[in-house]
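Participant: Sharing a structure here in structure tokens format.
The values are calculated or read from the model by the stated rules, or taken from the named source; none is laboratory data. All figures in this text were calculated on a predicted structure; none of them were measured in a lab. Quick reminder, even Gly has a Cβ in these numbers, built from the backbone with ideal geometry, and neighbours come from all protein chains shown. Please note that ligands, DNA and RNA were not included when accessible areas were found on the heavy atoms of the full protein model with its side chains. Shrake-Rupley method; radii C 1.70, N 1.55, O 1.52, S 1.80 Å.
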Amino acid sequence: AKAMVVTSSRKEAVRYKLQMDKYIAACGYTDVAALVAFSGDVADHESGPDPFNEGNMNKRLNGRDLRRAFATEDYNVMIVANKFQTGFDQPLLVAMYVDKRLAGVAAVQTLSRLNRIYPAGKKDTTYVLDFVNQEGEILEAFRTYYKKAALSGITDPNLVHDLQDKLDAEGIYTAEEVEAFVQVALAKKPKQAELLSKLTPAVERFRVRLLDAENHKDEKARDGLRLFQRNLTAFVRAYDFLSQIVDYGTDTTLEMRSIYFRHLAPLLEIPGGKDPIDLSRVILTHYNIKDLGQHQLPLAGGDGDDSKLAPLTAVGSAKLHDPDLVRLREIIEKMNELFEGELTDANQIHYIHGIRDEMLENPVLAQQAAANKRDQFAASPDFHDAMMTAVLNSYEKHKSMSEQVLRKDNVKAGLKEILKDLVYEAFAKARPEAGAVPGP
């Protein structure tokens with residue numbers, strides 16, 4: 001029997017492989033060995049000075065293909081990062097350990113690696129240990145394809161043409177610039193500096209428009225630039241899909257734009273486009289593993305029998321998410337990670353907002369927020385004292401969460417990271433020049 005470990009990145013796959021080998025050696029196991037599968041080289045200086053790849057991590061391959069090696073008795077665990085997560089046929093797979101967010105068709109394709117039968121009744125069960133996904137989401141993904149799957153309509157091959165016209169009309173780039181870039185990109189050994197020079201005019205036009213929108217506080221123009229940025233990626237994805245099934249003839253404009261957009265999109269940055277809460281400095285010091293039990297996911301009886309899949313439609317017509325709602329969801333997720341127990345979203349939001357509002361009444365913090373940058377503001381002893389005072393004052397209403405803050409340094413540090421942004425921004429909005437008061 002064999003197992004697969006599904007990780008969310010190549011670096012995670014490298015670290016899983018190193019730790020699993022270390023654990024196997026420490027336990028003295030002679031009948032357990034793990035393969036790791038990922039493409040290219042991975043630089044992880046925390047794990048080692050040299051790049052990692054399949055060749056130097058799978059010592060016993062001896063020139064064999066990973067699929068063939070895994071089929072032998074030499075290996076019984078495969079650690080993957082996208083590669084072999086789909087389209088991999090190994091009947092001996094009976095277990096899957098999932099440490100990656102899965103949704104939609106990706107969930108179906110990944111978990112379906114286990115559905116290959118093995119002769120003589122030797123494979124009579126399979127199981128999945130999932131550390132990330134909710135059973136309801138997985139069930140919903142499978143119901144879409146249960147028994148039968150049909151398209152409710154036909155995908156219009158002209159979608160990419162429509163999106164091309166929309167992007168061209170923005171005037172961020174010219175057709176001549178696209179062609180010049182592609183000529184360099186398709187050369188045998190293109191130089192990075194030359195590639196960047198061909199992209200610079202478009203990047204500069206985008207930057208000037210963004211600066212103008214910010215100077216005039218033109219949110220409509222700013223949102224338009226953000227949609228342009230997203231539509232570049234939408235075009236590349238749509239063309240990659242449609243070009244496999246649609247013959248676009250001798251027209252090379254789509255292919256050239258796909259190459260150009262793929263390189264241009266990562267260079268267009270909009271500050272503040274993402275949620276402003278920065279949790280990158282939060283250090284994981286403790287974690288809990290909770291047994292959420294075994295769950296049966298019956299497909300029969302759902303509404304998936306008669307459901308049809310939607311074709312590709314209206315590419316590039318997406319609307320931007322409300323940043324306040326995105327931020328609220330992010331806060332709830334971080335609170336869920338920090339605090340233990342059965343806590344509702346409402347309780348956690350009331351708790352964090354109650355502490356924030358009490359800290360906003362502190363005149364010393366108001367002065368420090370006006371005179372310091374965000375990190376300097378949060379590093380002040382006055383900030384810490386005000387936060388802990390507010391935690392103590394909320395003890396009666398939120399006993400469980402307040403006790404965790406008082407007892408656990410990691411919870412205290414995580415709460416401080418969330419409050420740093422909430423309190424600092426609220427003070428900034430409340431200053432006279434901002435013309436606003438703290439929002440909810």
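Participant: Apply 1/(1 + (r/R0)^6) to the Cβ-Cβ distance of E135 and A169, taking R0 = 35 Å, and write down the FRET efficiency to the nearest 0.05. Walk me through the intermediate numbers first.
Facilitator: Working: r = 45 Å, r/R0 = 1.29.
After rounding, the FRET efficiency stands at 0.15.
Participant: Expressed in nm to one decimal, what extension gain is obtained for the pair A185 and R226 from 0.36 nm per residue of sequence separation less their Cα-Cα distance? Mind dumping the intermediate values first?
Facilitator: Values: separation 41, 0.36 × 41 = 14.76 nm, distance 2.57 nm.
Stretched fully, the A185-R226 segment lengthens by 12.2 nm.
Participant: Can I ask one more? For the pair E219 and K22, what calculated FRET efficiency results from E = 1/(1 + (r/R0)^6), where r is the Cβ-Cβ distance and R0 = 41 Å, to the nearest 0.05? Write down the numbers at each step before the final one.
Facilitator: Working: r = 52 Å, r/R0 = 1.27.
So the FRET efficiency works out to roughly 0.20.
Participant: Shifting gears a bit: Could you list the trypsin sites (Lys or Arg not before Pro) in region 163-216 that lie in coil according to DSSP, counting only those with at most 16 other Cβ atoms within 10 Å of their Cβ?
Facilitator: K188, K191
Participant: According to a simple spin-label model (label point 7 Å from Cα along Cα-to-Cβ), what is the distance in nm between A300 and H45?
Facilitator: 5.8
Participant: Measuring from label point to label point, each 7 Å out along Cα→Cβ, what is the R60 to T126 span in nm?
Facilitator: My value for the distance between the label points is 2.6 nm.
Participant: Which lysines have a Cα lying under 24 Å from the Cα of K188, excluding residues fewer than 8 positions away in the same chain?
Facilitator: In chain and number order, the partners are K198.
Participant: Could you list which residues have their amide H under 5 Å from that of V77, counting only those 5 or more apart in sequence or on another chain, with H placed in the peptide plane?
Facilitator: HN-HN under 5 Å from V77: A3, A33, L35.
Participant: Out of the DSSP beta bridges found with both residues in the chain, what percent are antiparallel (nearest 5)? Spell out each step's value before the answer.
Facilitator: Numbers: 1 of 20 bridges.
Expressed as a percentage, antiparallel bridges in the chain total about 5.
Participant: Here's another thing I want to ask about it. Under 5 Å between amide hydrogens, which residues at least 5 positions from L93 or on another chain qualify, with H placed 1.01 Å from N in the peptide plane?
Facilitator: K2
Participant: For region 73-151, which GluC sites (Glu not before Pro) are in a loop by DSSP, counting at most 11 other Cβ atoms within 10 Å? Numbers along the way, then the final one.
Facilitator: Numbers: sites: E73, E135, E137, E140; in loops: E73.
Passing both the DSSP loop test and the Cβ count: E73.
Participant: Just report the Cα centroid separation between region 178-207 and region 336-403, whole Å.
Facilitator: Between the Cα centres of region 178-207 and region 336-403 lies a distance of 48 Å.
Participant: Quote to one decimal, in nm, the extra length available between H161 and E194 on full extension: 0.36 nm per residue of separation minus the C-alpha distance between them. The partial results should precede the final answer.
Facilitator: On the way: separation 33, 0.36 × 33 = 11.88 nm, distance 2.84 nm.
Separation in residues times 0.36 nm, less the Cα-Cα distance, equals 9.0 nm.
Participant: All other residues with a Cβ under 11 Å from the Cβ of S197 taken together, and with Lys, Arg as +1 and Asp, Glu as -1, what is their net charge? If you can, show how the numbers build up before the last one.
Facilitator: Numbers: positive: K191, K198; negative: E177, E194.
Combined, the nearby Lys, Arg, Asp and Glu give 0.
Participant: Taking R0 as 45 Å, what FRET efficiency do you get between D212 and S400 from their Cβ-Cβ distance, rounded to the nearest 0.05? Provide the component values of the computation, followed by the final result.
Facilitator: On the way: r = 50 Å, r/R0 = 1.10.
Result of the calculation: an efficiency of 0.35.
Participant: Each residue of region 196-210 in turn: what ³J(HN,Hα) in whole Hz from Karplus with 6.51, -1.76, 1.60 and θ = phi - 60°, glycine and Pro shown as x?
Facilitator: With the stated coefficients, region 196-210 comes to 5, 5, 6, 8, 4, x, 5, 4, 5, 4, 4, 5, 5, 5, 5 Hz.
Participant: Leaving out ligands, DNA and RNA but keeping every protein chain, what accessible area does H45 have, in Å² rounded to the nearest 10, with a 1.4 Å probe?
Facilitator: Approximately 150 Å² for this residue.
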